[in-house]
Amino acid sequence: MSRGVPVRVQMETWVEQDGQQEHHQYDEPGQMVQLGNTIYIRYVEPDQDHLPVTVKIKGDNNVELTRGSNQGDTRLHLQFIAEKQVHAQYRTPYGVIPVDTITPRIDVAYTLEPVNGQVYVEYRLIANNEHLGDYRMRLIFSA
C-alpha cells in the first residue's frame, strides 16, 4: 500500500511544564501510507502556523513524530523508543535546540483491513540536562 489512504486523524496531547498543564486536541483529515513494515500518518495542524505533521510507526515500540518541514523555520523531529533516551534537534526561527526524549510508555495497535489504529506515547523532554516537561500524545486514525 504505497499510495495514500484518506483517514480521519484525532490527535490529542497533554503537556505538563513548570506546574502548568495544557491540553490540545485536533480532529483533521489526513492520509495513511504503508511502505514495507512502516506506517506513515500525515495531517496538517489547524492552528495559525498550519504545520504539517507526520507520525511514523515502525513496529510496536518505535514511533517518530515530525512537526514542520525541511523548508520552514520550525521543525521538530522526535523519536520515541520504549525505555530509551533519544537525541533530537528542534529547529526554531531563533536557532537549533538539542533535545532528548525519554519514553517510559508507548502503545501501538493498528489494522490495515479495515484501516484504523491508535498510538499512545508518554515521554519526558530534556534540553541541556534540564527536564522541560512531561508529555502524553494519543493518535487515533481510521479510514
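Just so you know, all these numbers are worked out from the coordinates, no wet-lab data involved. As the structure is a prediction and not an experimental result, all values here were calculated from the model. Please note: Cβ atoms are built from the backbone with ideal geometry, for glycine as well, and neighbour counts cover all protein chains shown.
Here are the numbers for this structure:
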{"item": "Semi-axes of the equivalent ellipsoid for the range 1-41, Cα gyration tensor, largest first, Å", "result": "30, 13, 4"}
{"item": "Charge dipole magnitude, Cβ of K and R +1, D and E -1 - the range 5-142, Cα centre, debye nearest 20", "result": "460"}
{"item": "Amide H contacts under 5 Å for GLU45, placed H, 5+ residues apart", "result": "LEU51, VAL53"}
{"item": "Long-range Cα-Cα pairs in the chain (distance over 18 Å), rounded percent", "result": "57"}
{"item": "Burial ordering of MET32, MET137, fewest other beta-carbon atoms within 10 Å first", "result": "MET137, MET32"}
{"item": "Positive-end residue, the range 31-143 charge dipole about Cα centroid, Cβ charges, pick of HIS87, ILE106, HIS50", "result": "HIS87"}
{"item": "The range 21-99 - Rg over Rh from alpha carbon coordinates, Kirkwood radius", "result": "0.98"}
{"item": "Neighbour-count order for ILE97, ILE140, fewest beta carbons within 10 angstrom listed first", "result": "ILE97, ILE140"}
{"item": "Normalised contact order of the chain, rounded percent, pairs of Cα under 8 Å and 6 or more residues apart", "result": "20"}
{"item": "Loop-located GluC sites (Glu not before Pro) in the range 8-106 whose Cβ has at most 12 other Cβ within 10 Å (DSSP)", "result": "GLU83"}
{"item": "Nonlocal amide H pairs with THR74, under 5 Å, H built at 1.01 Å", "result": "SER69"}
{"item": "Loop chymotrypsin sites (Phe, Trp or Tyr not before Pro), the range 40-136 (other Cβ atoms within 10 Å of the site Cβ: 15 or fewer; DSSP)", "result": "TYR94"}
